[in-house]
Amino acid sequence: MTFKQISTDQLLRRNVVQLVQSTYEQTHKANPPATFDVNKWDHIVFNTDTLLEGSFLLTQGEKIIAFAMLHKTEKSKTLELGWHGSQTLDDIPSILLLTEQQIGYAKKHGFRYLEAEVDTTDPYFTSVLEAYPFSSEPAWVTYQKR
């Protein structure tokens, strides 16, 4: 399914927002994000730069198994692969399937480039990099002030 298809289904929308939030929090324990309520997370997930028809999720009934977000960029012919996640690390093959859907979406709509910002603390997206060996750019090293 696409994020657009579930955008008016309050239960599925809430479930995907909660999974995105928990995935983000799990993958950023070294540098925890600010605490936001579910409404703020909903705004982050369903933001205007999120391509709802190019962001995919796999469901089992009302349960979200995995998701893969896709975003607009300011660069011509370029999209950004956004957050990817799943209920468990065992569901990573589902993320790869959703990423394949995103690549197909980009091709179908005339985009030539995909870019992503990847944290080394994110096992979901590093699995995407293992499956699709994108060329890399110099890394940003970030620090947390204590």
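The values are calculated or read from the model by the stated rules, or taken from the named source; none is laboratory data. Just so we're clear, the structure is a prediction, and the values are computed from it rather than from any experiment. Note that we place each Cβ from the backbone using ideal geometry, even for glycine, and neighbour counts take in every protein chain shown. When the accessible area is computed, the model is the full protein with side chains, heavy atoms only, and any ligands, DNA or RNA have been set aside. Shrake-Rupley method; radii C 1.70, N 1.55, O 1.52, S 1.80 Å.
Of all residues in segment 4-13, none satisfies being under 18 Å from residue 128 (Cα atoms) and of a type outside the set (A, V, I, L, M). Filtering 89, 97, 70 for residues that are within 22 Å of residue 133 (Cα to Cα) and modelled with pLDDT under 95 leaves a single hit, 89. When 53, 62 are checked against the criterion of being of a type in the set (Asp, Glu) and at pLDDT 95 or above, 53 stands alone in meeting it.
In summary, residue 35 fulfils each of the numbered conditions (1) surrounded by 12 or more Cβ atoms within 10 Å (Cβ to Cβ); (2) more than 23 Å from residue 126 (Cβ to Cβ); (3) of a type outside the set (Asp, Glu) with the single exception of condition (1). Scanning segment 54-72 for residues that are part of a loop (DSSP other than H, G, I, E, B) and surrounded by 13 or more Cβ atoms within 10 Å (Cβ to Cβ) returns 54, 55. Checking each residue in segment 111-127 for being in a loop (DSSP other than H, G, I, E, B) and open to solvent by less than 40 Å² (accessible area, probe 1.4 Å) picks out only 122.
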